[in-house]
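I'd like to ask some things about the structure below.
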Amino acid sequence: MTIPIVHKAHLHADRVAFLSSGTTSSYHQLLHASKSLAASLLDRETDLEEQRVALLVSPGVPFAAAQWGVWLAGGIALPLSLSATESEWRYMLTDAQVSILIVSREWREKIRTMSDLTGIRVLVLEDELTAPKTSPCLPTIDLSRRALILYTSGTTSKPKGVVTTHQTITSQIESLVQAWRWSESDRIPLFLPLHHIHGLINVMSCALWSGARIEPFARLEIDTLLRRVAAKSYTLFMAVPTIYVKLIDAIQALKPEQRDAVVEGFHSMRLMVSGSAALPETVFAAWFQLTGQTLLERYGMTEIGMAISNPYDQPRLPGTVGKPLPGVDIRLVSESNLLVEHERVPGEIQVRGPTVFKEYWNRPEATSASFDNEWFRTGDIAEVKDGYYRILGRQSVDIIKSGGYKLSALEIESALLDHPQIAECAVVGVVDPLWGEAVAAAIVLKNPSGFSCEALRDWCRNHVSVYKIPKHILVVDQLPRNAMGKVTKPLVKTLFLK
């Protein structure tokens, strides 16, 4: 059976798939590169048979070719964060039992010692694409096969690998293409990370399914992006709330003639989407006042893809995430495990349908605990008003949503406890106007001599990803605990409000 997104690419063979620094790459070129890489991966084998293949690859044609090459060869793709630390990469490679690592040439030196230690076969993407090879005999891929592992922090101290099949990915794409009216005439920038479902599925995969054009950015470059917007280069735009805040500030700082062109560029787009974190109503209103665009807020997570969305051609209500997407069943369940049947009554969001993931990698108990029969338990609390869902928060205080990322407070605490001066710590999320929530750490020191918050942040830069570094650090004599001796996170939060 042909992988659906690859089959779709054949229908758009002569169209431009990627535009990067003025250079275009067609769907035909993408397909050729994917098949060439699949041949390298197979290396005289007939089928990778779901071997895990990690990707440390730059966005654009390199990443898409690597992912599709893995799929065509019968493997499971595992995208790695380009901003992660070596210890984070090592954990994922080990946990997923990765056998092959594909790297862009620019990343080869950074992982050389790590790959030697783990004994993983390393392929440098550029070398493999230029090496001569015969046309490969590719395996037949059933859509029930595992296709992708994305790591999410969840509610445990270590990230869990979320496994989706080819059928799951296809269902996620089809739901969004239908709901958001994707077409081959669409053009979209891609600056969101590709180890995250927002950039990988919502932007890149939906665009490639539709025959649209993607303009990838290695990192978010506000000035370059605004120039392209002023040139009316895009029809769609997707970002996290933090980026919209930064864009508002950048637009307001422009000279009047520049500002007018940028505003008109945003105003002319057919759709602008916000997600991965709650969109403050103040940002919703400020963006509309500035550009005339009503942002479409939606709700999803790594395990379920996108589940709820404000409508394309009906009112988009600030502070809500809209209604269930096509092919997705939603229910709310109360704390007493009863079905919520009335509006304005809170309950946990539970999701059912073909867009829901298959399992957590090698964690059958965690997988089982996350489901109530066929319903996935998201841990997010919501209520419904006039048919629109409003997210109220998480059941667990150990999840921090910052700048579109879902961070595990327990994972950050575990890293901080490796610091030689820290005896105890508690990490929480506190309200932040830019990031939605900022990481805050209350710490108890073994020895306060020579300690400084800035020195701790410098230490963190070598132990956790940059977005996990505590923005707020508070040194306390003791952490608040309940009668059972457990640290009470709500009381920890109040320490930062005093």
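Every number here is computed from the coordinates shown, using simple stated rules; none is lab data. Because the structure is predicted, anything quoted here is derived from the model rather than measured. When we count neighbours, we look across all protein chains shown, and the Cβ atoms used for this are built from the backbone with ideal geometry, even at glycine.
What fraction of the Cα pairs in the range 1-87, stated in percent, has a spacing above 19 angstrom? Provide the component values of the computation, followed by the final result.
Numbers: 1554 of 3741 pairs.
Percentage above 19 Å: 42.
Just flag the GluC sites (Glu not before Pro) in the range 355-399 sitting in loop per DSSP whose Cβ has no more than 13 other Cβ atoms within 10 Å.
E374
Give K385/K471; K246/K446; K35/K232; K255/K493; K385/K406 a once-over and call out the pairs whose C-alpha atoms are over 31 Å from each other.
Numbers: K385/K471 35 Å; K246/K446 39 Å; K35/K232 34 Å; K255/K493 41 Å; K385/K406 26 Å.
Where the Cα-Cα span goes over 31 Å, the pairs concerned are K385/K471; K246/K446; K35/K232; K255/K493.
Fewest to most neighbouring Cβ within 10 Å: what's the order for S175, S336, S20, S144? Before the final figure, lay out the partial values.
Details: S175 23, S336 6, S20 18, S144 12.
Final ranking by Cβ density, sparse to dense: S336, S144, S20, S175.
Once the convex hull of the alpha carbons of the chain is built, what does its volume come to per residue, in cubic angstrom? Don't skip to the answer; put the middle values down first.
Numbers: hull volume 81.3 nm³, N = 498.
About 163 Å³ per residue, rounded to a whole number.
Further question on the same structure: Fewest to most neighbouring Cβ within 10 Å: what's the order for D47, D458?
Fewest-to-most Cβ neighbours within 10 Å comes out as D458, D47.
Starting from the Kirkwood radius over alpha-carbon pairs of the range 201-394, derive D by Stokes-Einstein at 20 °C in a medium of 1.002 mPa s and give it in µm² s⁻¹.
Here the translational diffusion coefficient equals 117 µm²/s.
Can you give me the Cα centroid spacing of the range 444-498 and the range 120-135 in angstrom?
When both Cα centres are located, 46 Å separates them.
Can you check what the net charge comes to around Y312, using other residues whose Cβ is under 14 Å from the Cβ of Y312 (Lys, Arg +1; Asp, Glu -1)?
+2
What is the spread of the Cα atoms of the range 399-495 along each of their three principal axes, largest first, in whole Å?
34, 33, 20
Looking at the range 38-167 only, what percent of DSSP beta bridges run antiparallel? Nearest 5 please.
30 percent
Just going by the charge dipole of the range 399-495, with Lys and Arg at +1 and Asp and Glu at -1 on Cβ, which of S465, S402, L445 is farthest out on the positive end?
My answer, from the dipole projection, is S402.
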